[in-house]
Amino acid sequence: MTCEVGVRRERRDPSLIRATKVSPERRAGSVDDGGIHFYPDPMTYRVRRAPLVLMLPVVVVFACEEASAPSPTPTAASSSSSPPAAAASPKSAPSATTATPPRSPQPNVALLDELAGYLAPLVGQTAAVPDERRSQLDKLAEWIRGRRQAGAPVRLTFICSANSRRSHLGQLWAQVASAYYGLEGVETYSGGTRATAFNPRAIGALERAGFQVKKDDAGGDNPRYAMRFASDAEPVVSFSKKYDDAGNPDEGFAAVMTCSAADKACPIVKGADFRVALPYDDPKVADDTPEEAQRYDERSAQIATEMLYLFSRVDA
């Protein structure tokens, strides 16, 4: 260990005391250095000014580091004339040892090959999720951790106005992402402030990502779709419904608001234990345009990436 000793001057005369470095040899005993004597024990410097001898109390600040550690290289952001940066408070910047490290993918189901291939590059894109969205996703991850630690089921209900596009994408990608990271006991649902139909354009984007889809026409204007993502897991049955449908949980769930309209229309989601706003732009704006498929694919990929980020932050 090597240490530096800094001295705060209590006199205005700059000739009296200057900050200096103390070598191990100087710490071992008294060494004369330009009129300043160093002593290993008393926290006092003796400054000689013949014939007068002054004994001045000093404030000594130790900055110690391992002798083997290289000195930091100055950067453009820090120069010798700049004041030293203040140390970060634990409250404002959590230490790396306490931050939750991301999980590694450990699928607990046999994901369909095409879907698994689709997910792999998206994992690398989770680092690009914007900070403001990470903040919301981290809150949801904390709620999920709390439920798991309490041994309670994790139920997520994704809500938008018509339960036709974004809420379905949220539900399905959350179910896939939780399985991709090997998290048991996660149940995902979706609903709207009103029921319409699961939009075929959103279904097409999921098929292009690797889902296998089987349609049941018995539902008339609101058909049901079996959305398969793994060869050894039951498909998710998807159709449009209100968020308080009998098939959805009525208590102890997290309400994930995927559109601003639903967030405003439902200031209170009855039975929700937790609520988070995670709005997405509606791909509907590109319906019947040359950009239609691209817009739906982009929204599907964004939601998939954010669900991967979410479940990668949930510790085992």
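The values are calculated or read from the model by the stated rules, or taken from the named source; none is laboratory data. Note that the structure is a prediction, hence the values are computed from the model and not measured. Cβ atoms come from the backbone with ideal geometry, glycine included; neighbour counts cover every protein chain shown. Side chains included, ligands, DNA and RNA excluded: accessible areas come from the protein's heavy atoms. Shrake-Rupley method; radii C 1.70, N 1.55, O 1.52, S 1.80 Å.
General remarks:
- Val154 being touching a helix residue (DSSP H, G or I) at 6+ places or on another chain (Cβ under 6 Å) and surrounded by 19 or more Cβ atoms within 10 Å (Cβ to Cβ): yes
- Any hit, the stretch 164-183, residues being open to solvent by 40 Å² or more (accessible area, probe 1.4 Å) and either in a helix (DSSP H, G or I) or closer than 23 Å to Leu115 by Cβ (or both): no
- In the stretch 257-280, the residues that are in contact with a helix residue (DSSP H, G or I) (Cβ under 7 Å, 6 or more places away or on another chain) and either surrounded by fewer than 18 Cβ atoms within 10 Å (Cβ to Cβ) or closer than 17 Å to Ser161 by Cα (or both): Met257, Thr258, Cys259, Val276, Ala277, Leu278, Pro279, Tyr280
- Tally of residues being open to solvent by 10 Å² or more (accessible area, probe 1.4 Å) and touching a helix residue (DSSP H, G or I) at 6+ places or on another chain (Cβ under 7 Å) across the stretch 189-203: 3
- Test: residue in the stretch 212-222 that is in contact with a strand residue (DSSP E or B) (Cβ under 8 Å, 6 or more places away or on another chain) and either of a type in the set (Phe, Trp, Tyr) or surrounded by 17 or more Cβ atoms within 10 Å (Cβ to Cβ) (or both): no
- Remark: Asp297 matches the filter, which requires a residue to be out of contact with any strand residue (DSSP E or B) (no Cβ under 9 Å at 6 or more places or on another chain), under 14 Å from Trp173 (Cβ atoms) and open to solvent by 40 Å² or more (accessible area, probe 1.4 Å).
Per-residue answers, yes or no, for (1) under 25 Å from Val276 (Cβ atoms); (2) among the aliphatic types (A, V, I, L, M); (3) open to solvent by 40 Å² or more (accessible area, probe 1.4 Å); (4) touching a residue at least 12 places away in the same chain (Cβ under 8 Å):
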site	(1), (2), (3), (4)
Pro102	yes, no, yes, yes
Tyr118	no, no, yes, yes
Pro121	no, no, yes, no
Arg134	yes, no, yes, yes
Leu137	yes, yes, no, yes
Glu142	yes, no, yes, no
Arg145	yes, no, yes, yes
Arg148	yes, no, yes, yes
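- Filter result (of a type outside the set (A, V, I, L, M, F, W, C) and free of Cβ contacts under 8 Å to residues at least 24 places away in the same chain) within the stretch 280-297: Asp281, Asp288, Thr289, Pro290, Glu291, Gln294, Arg295
- Condition check for Arg133 on (1) at pLDDT 50 or above; (2) of a type in the set (D, E, K, R); (3) over 25 Å from Met257 (Cα atoms): one failure, at (3).
- Condition check for Ala246: in contact (Cβ under 8 Å) with a residue 40 or more places away in the chain and of a type in the set (A, V, I, L, M, F, W, C): no
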